[in-house]
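K.L.:
My questions all concern the structure below.
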Amino acid sequence: MKRNELPTPCFVVDEAALKHNLTILAGVQKRTGAKILLAQKAFSMYRVYPLIARYLSGACASGLYEARLAYEHMGGENHVFSPAYTPDEMRELVTICDHVVFNSFTQLEQHRAACLAAGVSIGIRVNPECSTQEGHAIYDPCAPFSRLGVTKANFRADLLDGVEGLHVHTL
């Protein structure tokens, strides 16, 4: 199909360019032992998930629907972080996710038992309170008064039982 024949609106993916980039990421994983996950919030074009799955370790989701999308169309490891989870969401998430990251210790305490019972790895998001840029505080997860992650003043080492990872996100 020629460019002027494409229906609009539509998304066009250059498969060769995508494979080239995925090959680079696969090489990083192989050389370092790191696991690279697809950030679905940035790219949730599930039609190419089977291709991506051949190169990356899995996906990370920002909620139930993205987690379900990765589970159904990609396979591999499935990680999820959300600022809030309902008990109903958690019941499904622990059946389709390998790793759940909590935004607060209150959240962790509310859902820890469900995760541990299902054998799901647990993480807690920490806010390093260190902005790496200026001028975009509304998008900065480390800006003053951000509600994303646990700050040093609210960190509870006594509640880390079962926690296997820390999630740190800065710009």
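K.L.:
If we scan the stretch 11-22, do we find a residue that is assigned to a loop (DSSP other than H, G, I, E, B) and under 23 Å from Gly119 (Cα atoms)? It would help to see each step written out before you state the result.
P.N.:
Taking the stretch 11-22 and keeping what is assigned to a loop (DSSP other than H, G, I, E, B), we get 11-14.
Still in the list and also under 23 Å from Gly119 (Cα atoms): none.
No - not one qualifying residue is present in the stretch 11-22.
K.L.:
Could you look through the stretch 86-103, keep only residues that are within 16 Å of Gly162 (Cβ to Cβ) and over 14 Å from the mean Cα position of the chain (by Cα), and pick out the one that is surrounded by the most Cβ atoms within 10 Å (Cβ to Cβ)?
P.N.:
My answer is Met90.
K.L.:
Could you look through the stretch 108-140, keep only residues that are at pLDDT below 90 and either buried (at least 16 other Cβ atoms within 10 Å of the Cβ) or of a type in the set (Phe, Trp, Tyr) (or both), and pick out the one that is farthest from Arg91 (Cα to Cα)?
P.N.:
If we take residues in the stretch 108-140 being at pLDDT below 90 and either buried (at least 16 other Cβ atoms within 10 Å of the Cβ) or of a type in the set (Phe, Trp, Tyr) (or both), then Ser131 is farthest from Arg91 (Cα to Cα).
K.L.:
Could I ask something else about it? Across the stretch 103-113, what is the total count of residues that are polar (S, T, N, Q) and either under 25 Å from Gly27 (Cα atoms) or assigned to a helix (DSSP H, G or I) (or both)? Steps first, please.
P.N.:
Residues of the stretch 103-113 that are polar (S, T, N, Q), as a first pass: 103-104, 106-107, 110.
Cutting the leftovers down to either under 25 Å from Gly27 (Cα atoms) or assigned to a helix (DSSP H, G or I) (or both) gives us 106-107, 110.
Within the stretch 103-113, residues that are polar (S, T, N, Q) and either under 25 Å from Gly27 (Cα atoms) or assigned to a helix (DSSP H, G or I) (or both) number 3.
K.L.:
Of the conditions (1) within 25 Å of Pro128 (Cβ to Cβ); (2) touching a helix residue (DSSP H, G or I) at 6+ places or on another chain (Cβ under 7 Å); (3) not β-branched (Val, Ile, Thr), His99 fails just one. Which one is it?
P.N.:
(2)
K.L.:
If Val100 satisfies every condition in (1) in a strand (DSSP E or B); (2) touching a residue at least 24 places away in the same chain (Cβ under 8 Å) but one, which is the exception?
P.N.:
With (1) in a strand (DSSP E or B); (2) touching a residue at least 24 places away in the same chain (Cβ under 8 Å) applied to Val100, the lone miss is (2).
K.L.:
Give me a count of the residues in the stretch 29-80 that are in contact (Cβ under 8 Å) with a residue 24 or more places away in the chain and of a type in the set (Val, Ile, Thr).
P.N.:
2
K.L.:
Which residues, counting only those in the stretch 128-155, are closer than 20 Å to Ser82 by Cβ, part of a loop (DSSP other than H, G, I, E, B) and of a type in the set (Val, Ile, Thr)?
P.N.:
Selection gives Thr151 alone.
K.L.:
So if I check each of Leu159, Leu93, which one is closer than 24 Å to Met45 by Cα and touching a helix residue (DSSP H, G or I) at 6+ places or on another chain (Cβ under 8 Å)? Talk me through it step by step, then tell me what you get.
P.N.:
Numbers: Leu159 fails: closer than 24 Å to Met45 by Cα.
After ruling out the rest, the residue left standing is Leu93.
K.L.:
Moving on. Tally the residues that are of a type in the set (A, V, I, L, M, F, W, C) and under 15 Å from Ile124 (Cα atoms), restricting the search to the stretch 83-96.
P.N.:
1
K.L.:
Follow-up question, since we're still on this one. Can we say Leu22 is surrounded by 10 or more Cβ atoms within 10 Å (Cβ to Cβ), within 26 Å of Ser62 (Cα to Cα) and touching a Phe, Trp or Tyr at 6+ places or on another chain (Cβ under 7 Å)?
P.N.:
Working: surrounded by 10 or more Cβ atoms within 10 Å (Cβ to Cβ): yes; within 26 Å of Ser62 (Cα to Cα): yes; touching a Phe, Trp or Tyr at 6+ places or on another chain (Cβ under 7 Å): yes.
Yes, satisfied.
K.L.:
Can you name the number of the only condition in (1) at pLDDT 95 or above; (2) more than 24 Å from Ala26 (Cβ to Cβ); (3) surrounded by fewer than 18 Cβ atoms within 10 Å (Cβ to Cβ) that Glu72 fails?
P.N.:
(2)
The values are calculated or read from the model by the stated rules, or taken from the named source; none is laboratory data. Note that the coordinates shown come from a computational prediction; the quantities given were computed from them, not determined experimentally. So basically every Cβ, Gly included, is an ideal-geometry build from the backbone, and we count neighbours across all protein chains shown.
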